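The values are calculated or read from the model by the stated rules, or taken from the named source; none is laboratory data. Values in this document were obtained by computation on a predicted structure and should not be read as measured data. For neighbour counting, all protein chains shown are included, and Cβ atoms are generated from backbone atoms with ideal geometry for every residue, glycine included.
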């Protein structure tokens, strides 16, 4: 997985059952973890799509906040909005 060069392991991978993907006691199975994270992301995106469609019918403006590092670089993020700091 490109970009994964740290030896630091977030406690999420130790404490959250869906993220416990280890080859052995000391080695994280990164391909299996990536598949698990992608599946969880797809599930969350499907849910968001369904509730967002309903919200858009009911409200003139809808704000969606995400918790990902890559989302920070996307156009339209709050930090990229002119005048919003």
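Being part of a loop (DSSP other than H, G, I, E, B) and free of Cβ contacts under 8 Å to residues at least 60 places away in the same chain is a property that residue 51 lacks. Against the list (1) part of a loop (DSSP other than H, G, I, E, B); (2) modelled with pLDDT under 85, the condition residue 72 fails is (1).
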